[in-house]
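The next block holds one structure in the form of structure tokens; read it before the comments.
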Amino acid sequence: MRQKLGNKLLIIAGLTLVLLVPIMLIKGLIFERSARLSEVQQEIARSSSGEQTVIGPFLYVESLVQKNNDQGQSYTIVNKQVILPDELTWQADLTTFEKYRGIYKANLYRSQNSINATFSTKMLQTYADMNVTKVNLVMAVEDIRGIGVGSEVKLAGEQRSFLPGTQLKQLADGVHVPLEMSALLELETLTTQVTLNLQGMTRFAIAPIGEETHFSMNADWPHPSFVGDYLPIATDIENNGFTANWQTSFFATNMQDMFANCMSSKGICNDLRERNLGVNLVDGVDHYLKSHRATNYATLVLFLVFSSFFLLEILRKEAIHPVQYGFVGLAIAVFYLLLVSLSEHFGFNLAYGVSALASGLLLSIYVAGMLRSSKQGGLFFIGISMLYGVLFSLLSAEDYALLMGAILVFAVLSLIMMLTRKFNWYGSNE
């Protein structure tokens, strides 16, 4: 008997390893479908608009300065200066919508932005006697295809129209409004009100360029992931959307130095582009991610089911053929294949319920015939349903998944040890 038990344990272990092959193939299929989803989202972004990061509004001043070299020869340089707002107040209202390509979708948004910026003209006084060639109000936009109709600006109460481009090679994409230096020098402060209608996909962020920046966002998306260098100071997340508020000061942003580095001859603007705050509209029902997480527990499910069969062999002294173990293992593997394919069309939760029901019914009917007992088949259906229910709880409870999994393994191991604590593993007559 000892030899039979040892051989059966080796066979079960070998079957488990063999059954990991189709599980790994299903994992590869999940990665392939997830990669295809990313490709489709990129194609949609290329045909509409992608992630958006907005830098602005700011004033860009360009002037000609005469210099003399060591030989006394005169030459002209172009002096570039960026003036940031003293106070920047930004209100963004996001409305999300979906675009489909086949069975794949991408989450897009339309944002209505109300922007108020106040500039001090004291710095402009230094240009009063200079040969100023250009003064622009600039807004740099990552993907200019997303700029919608109705975007406009009001400067000191005067309605103006945006012109395409920023006229800056370092931040080329965006819009600008040309200004007159003489008119600016007559003002103590320059107030601007900008209405910016912008479309994008997944991510929306702004650069906090004001000495004081106040940024508020409302969106109809219930799964925000706040990104950037600054978290919001207040959030309210509900099932139908969220609101968030940010507040920064120039002590924490160091924007003036970053603009200086960006406008220099080296044109290093990476730090400026990355210094932002905003949100990612995360898909809270990423069925590929959940399906992949489900397959991570496949080995545990196989172990639990095979352990229950092995206990039946020991306690009931009824042999179960390795082929029968193999069919049961394949049925468990097919459960994950059903889960992936159905979740693409019906969502993860419904797909999981249908796959678990189909797998549970198939296994219970097979077990009832294998053990020649409808009662045993019914008990197995209850057990496998509970197991799939626990697995679904593990997938839903991201923060407690490890704890719940550890408790489950401990409970099963304790049950096996209690049921077999008096079993004579040596197989002697006693």
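Checked against the criterion of being closer than 30 Å to residue 304 by Cα, in contact with a His (Cβ under 6 Å, 6 or more places away or on another chain) and open to solvent by less than 50 Å² (accessible area, probe 1.4 Å), segment 7-15 has no qualifying residue.
Scanning segment 322-349 for residues that are crowded, with 20+ Cβ neighbours inside 10 Å and of a type outside the set (A, V, I, L, M, F, W, C) gives 325, 329, 336, 343. Within segment 70-98, restricting attention to residues that are open to solvent by less than 60 Å² (accessible area, probe 1.4 Å) and hydroxyl-bearing (Ser, Thr, Tyr), the residue that is farthest from the chain's Cα centre (by Cα) is 89.
Does residue 23 satisfy being open to solvent by less than 40 Å² (accessible area, probe 1.4 Å) and within 25 Å of the chain's Cα centre (by Cα)?
Working: open to solvent by less than 40 Å² (accessible area, probe 1.4 Å): yes; within 25 Å of the chain's Cα centre (by Cα): no.
The answer is no for residue 23.
Just for segment 364-394: of the residues that are surrounded by 14 or more Cβ atoms within 10 Å (Cβ to Cβ) and among the β-branched types (Val, Ile, Thr), which one is nearest to the chain's Cα centre (by Cα)? So, considering only residues that are surrounded by 14 or more Cβ atoms within 10 Å (Cβ to Cβ) and among the β-branched types (Val, Ile, Thr), the one nearest to the chain's Cα centre (by Cα) is 390. Screening residue 422 against (1) over 24 Å from residue 291 (Cα atoms); (2) open to solvent by 50 Å² or more (accessible area, probe 1.4 Å); (3) at pLDDT 75 or above leaves a single unmet condition, (3).
Just so you know, in segment 350-363 the residues that are touching a Ser or Thr at 6+ places or on another chain (Cβ under 9 Å) and either farther than 24 Å from residue 374 by Cβ or of a type in the set (Gly, Ala, Ser) (or both) include one that is surrounded by the fewest Cβ atoms within 10 Å (Cβ to Cβ), and it is 350. Condition check for residue 258 on (1) outside any strand (DSSP E or B); (2) open to solvent by 30 Å² or more (accessible area, probe 1.4 Å): one failure, at (2).
Among residues belonging to segment 99-137 that are assigned to a loop (DSSP other than H, G, I, E, B) and of a type in the set (Val, Ile, Thr), point out the one that is surrounded by the fewest Cβ atoms within 10 Å (Cβ to Cβ).
Taking segment 99-137 and keeping what is assigned to a loop (DSSP other than H, G, I, E, B), we get 102-103, 121-122, 128-130.
Narrowing further to those that are of a type in the set (Val, Ile, Thr): 103, 121.
Numbers: 103: 11, 121: 15.
It comes out as 103.
Please verify whether residue 93 is farther than 21 Å from residue 261 by Cα and free of Cβ contacts under 8 Å to residues at least 60 places away in the same chain, treating the condition exactly as stated.
Details: farther than 21 Å from residue 261 by Cα: yes; free of Cβ contacts under 8 Å to residues at least 60 places away in the same chain: no.
Taking the combined requirement at face value, the residue does not satisfy it.
Can you name the residue in segment 293-314 that is in contact with a Ser or Thr (Cβ under 8 Å, 6 or more places away or on another chain) and surrounded by fewer than 19 Cβ atoms within 10 Å (Cβ to Cβ) and is also modelled with the lowest pLDDT among such residues?
Here is the first cut: in segment 293-314, the residues in contact with a Ser or Thr (Cβ under 8 Å, 6 or more places away or on another chain) are 299, 302-303, 306, 311, 314.
Those left that are additionally surrounded by fewer than 19 Cβ atoms within 10 Å (Cβ to Cβ): 299, 303, 311, 314.
Details: 299: 83, 303: 83, 311: 77, 314: 71.
Going through the qualifying residues, I end up with 314.
Looking across segment 379-414 at every residue that is over 14 Å from residue 308 (Cβ atoms), among the small types (Gly, Ala, Ser) and in a helix (DSSP H, G or I), the one that is modelled with the lowest pLDDT is identified as 401. Within segment 21-40, residues that are aliphatic (A, V, I, L, M) have Cβ atoms under 8 Å from residues that are open to solvent by 60 Å² or more (accessible area, probe 1.4 Å) and assigned to a helix (DSSP H, G or I) in these pairs: 23/299; 26/337; 29/337, counting only partners at least 6 apart in sequence or on another chain.
Of everything in segment 227-242 that's open to solvent by 50 Å² or more (accessible area, probe 1.4 Å) and in a strand (DSSP E or B), which residue is farthest from residue 207 (Cα to Cα)? Show your work before the answer.
Taking segment 227-242 and keeping what is open to solvent by 50 Å² or more (accessible area, probe 1.4 Å), we get 229, 231, 233, 235-240.
Filter once more, keeping what is in a strand (DSSP E or B): 235-238.
Numbers: 235: 19, 236: 22, 237: 23, 238: 26 Å.
So the residue we want is 238.
Just one residue in the set 155, 198, 171, 187 is surrounded by 18 or more Cβ atoms within 10 Å (Cβ to Cβ), of a type in the set (A, V, I, L, M) and farther than 30 Å from residue 46 by Cβ; that residue is 155.
The values are calculated or read from the model by the stated rules, or taken from the named source; none is laboratory data. Values in this document were obtained by computation on a predicted structure and should not be read as measured data. Counting neighbours? That spans all protein chains shown, and the Cβs are built from the backbone with ideal geometry, glycine included. Please note that ligands, DNA and RNA were not included when accessible areas were found on the heavy atoms of the full protein model with its side chains. Shrake-Rupley method; radii C 1.70, N 1.55, O 1.52, S 1.80 Å.
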